[in-house]
Amino acid sequence: MAVCARLCGVGPSRGCRRRQQRRGPAETAAADSEPDTDPEEERIEAGAAVLAGVGGGMCPGPSPSPPRCSLLELPPELLVEIFASLPGTDLPSLAQVCTKFRRILHTDTIWRRRCREEYGVCENLRKLEITGVSCRDVYAKLLHRYRHILGLWQPDIGPYGGLLNVVVDGLFIIGWMYLPPHDPHVNDPMRFKPLFRIHLMERKAATVECMYGHKGPHHGHIQIVKKDEFSTKCNQTDHHRMSGGRQEEFRTWLREEWGRTLEDIFHEHMQELILMKFIYTSQYDPAARPSCADMPAPHSNCLTYRRIYLPPSRPDDLIKPGLFKGTYGSHGLEIVMLSFHGRRARGTKITGDPNIPAGQQTVEIDLRHQIQLPDLENQRNFNELSRIVLEVRERVRQEQQQEGGYEAGEGRGRQGLRESQPSPAQPRAEAPSRGPDGTPAEDGGEPGDAAAVAEQPAQSGQGQPFVLPVGVSSRNEDYPRTCRMCFYGTGLIAGHGFTSPERTPGVFILFDEDRFGFVWLELKSFSLYSRVQATFRNADAPSPQAFDEMLKNIQSLTS
């Protein structure tokens, strides 16, 4: 802005001071009363508000010697083009240079371009003229004001978590809750429903509407607690209730969540898990929570969302990291984030369950220890697969002991295949009382013995036939029958309420770029994962360190 001021002959230049000397007392007082700086949001709105023409023209004063070319000598059409290419956050400061700039920045073309290039608004913003709302109002009071909530978020719903994507959609900002497909159709696309939306109905301020329930949009509230955290609240609770009471609400929720009725679910254990989830998540109904303004702490008793990032990608990654849908036995489908950390890959739960909550790492893959599967006939023998995996685990143990980094958690997994005690709310059924999940481990150490780990045929592009061993259960029998390569890995299993967590051995199977699987040896079960095929804006981590810190933060909330 200092360069603009010198080019225009204003600001600290002598010409501008002479002009001030010729002002009357009232004009001087009014000019001196204007603040030099404001907070960013206030400057955006204040700058937009003063863009109407207020007198003006070229600032008087003697031309410097030698003569300089002034921006003020450029035609207005060219200035509009120049200003439209600047970031919207710089325009209010530019409006303070002189009154000619203020008048030019009153042009809606400039702000229409800023809305399009910075926030992807592709709607015909000229329609706003009917309502008296300008493009600079949309930029300042909607897009810029709520820019901190754009991106991916994990709601704090106890062990269940979730995935919220806040996007600019036309002239709205909408929070979409992303839901896995109905169990066990892991290859189906994600489902999503709106939780809230923000739009500008009039010039005064943006309107927040809650979309929860079945009676249409109604008044809501959003409180931005800090940069990476915000909360929501509904102000019209009657829109969330159904005439049939809790029974109708449960039946509706069940159809949406599972795509079936309770009578269609024959396993008693699964019925109990479903009822438990409905009762628990109902406590987080925004309609049942008090106003954020009435609470002693900024985030107390509000449904809070914490920012999550997509994992950074590197050229040497095994596959592209990202979000995947996975099968988790009686718990149904859950969302997992696959990320790579040197010689390890980790799957972190974005949604979870009472055994292994959201935020915990569901699997960890040791990329140093590739596993050669036996021939197709021997793959059907579970004991043969178990023998191969346990041999690799013993080799990993020895390497860790030699490196001085042997982990107690891995040692506990060696104590035996013991059964956790079921809680009264979760009796024994066809699934164990512990659900699979993964935990972090220290990177480091040299690669495993290359001679001991045979090269997979898949590395030459041939692939290898794959079949699950007899006795290994799978929610989805439609898994690929060819895999690229396999690695040794561990997964976390625990009792109800995340009690007695224990890492146990397993096999990571890479099928293709968009699908992988994991065989849990102790549980004798198989999880199939399929990539979430969606494009997320404003979700990239600013740095690898920021992503690692985010993983630690969401894990610590449930540890």
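Taken residue by residue, region 181-194 has at least one member that is open to solvent by less than 30 Å² (accessible area, probe 1.4 Å), closer than 30 Å to residue 477 by Cβ and in contact with a helix residue (DSSP H, G or I) (Cβ under 9 Å, 6 or more places away or on another chain). Report, by residue number, each residue of region 463-487 that is open to solvent by 50 Å² or more (accessible area, probe 1.4 Å), outside any loop (DSSP other than H, G, I, E, B) and within 16 Å of residue 513 (Cα to Cα). The one that is open to solvent by 50 Å² or more (accessible area, probe 1.4 Å), outside any loop (DSSP other than H, G, I, E, B) and within 16 Å of residue 513 (Cα to Cα): 482. Only one of the listed residues (297, 288) is aliphatic (A, V, I, L, M), at pLDDT below 90 and under 19 Å from residue 241 (Cβ atoms). That residue is 288.
All conditions but one from (1) outside any loop (DSSP other than H, G, I, E, B); (2) open to solvent by less than 20 Å² (accessible area, probe 1.4 Å) apply to residue 501; the one that does not is (2). Just checking, does region 532-548 include any residue being under 30 Å from residue 379 (Cα atoms) and at pLDDT 95 or above? Yes: region 532-548 contains one or more residues that are under 30 Å from residue 379 (Cα atoms) and at pLDDT 95 or above.
The set of residues from region 90-101 being in a helix (DSSP H, G or I) and of a type in the set (A, V, I, L, M) comprises 91, 94, 95. With respect to the conditions (1) among the charged types (D, E, K, R); (2) part of a strand (DSSP E or B); (3) open to solvent by less than 10 Å² (accessible area, probe 1.4 Å), residue 368 falls short on a single one, namely (3). Residue count for region 336-395 satisfying the condition of being closer than 29 Å to residue 181 by Cα and among the β-branched types (Val, Ile, Thr): 8. Selection over region 102-129 of residues that are at pLDDT 85 or above, among the hydrophobic types (A, V, I, L, M, F, W, C) and either surrounded by fewer than 18 Cβ atoms within 10 Å (Cβ to Cβ) or part of a helix (DSSP H, G or I) (or both) gives a count of 4.
Against the list (1) open to solvent by 60 Å² or more (accessible area, probe 1.4 Å); (2) basic (Lys, Arg); (3) at pLDDT 80 or above, the condition residue 203 fails is (3). Would you confirm whether any residue within region 478-488 is touching an Asp or Glu at 6+ places or on another chain (Cβ under 6 Å) and of a type in the set (Lys, Arg)? Checking region 478-488: not a single residue is touching an Asp or Glu at 6+ places or on another chain (Cβ under 6 Å) and of a type in the set (Lys, Arg).
Identify all residues within region 260-283 that are surrounded by fewer than 17 Cβ atoms within 10 Å (Cβ to Cβ), of a type outside the set (D, E, K, R) and either more than 20 Å from residue 353 (Cβ to Cβ) or at pLDDT below 85 (or both); write none if there are none. Break it down stepwise before answering.
Residues of region 260-283 that are surrounded by fewer than 17 Cβ atoms within 10 Å (Cβ to Cβ), as a first pass: 260-264, 266-268, 271-272, 275-276, 278-283.
If we keep only those that are of a type outside the set (D, E, K, R) too, we end up with 261-262, 266-267, 271, 275-276, 278-283.
Correct list: 261, 262, 266, 267, 281, 282, 283.
Among the conditions (1) in contact with a His (Cβ under 7 Å, 6 or more places away or on another chain); (2) among the acidic types (Asp, Glu); (3) modelled with pLDDT under 85, residue 238 misses just one, which is (1).
The values are calculated or read from the model by the stated rules, or taken from the named source; none is laboratory data. This is a predicted model, so every value here is computed, not measured. Cβ sites come from the backbone with ideal geometry, for glycine too, and all protein chains shown count toward neighbours. We work out accessible area using only protein heavy atoms, side chains counted, and drop any ligands, DNA or RNA first. Shrake-Rupley method; radii C 1.70, N 1.55, O 1.52, S 1.80 Å.
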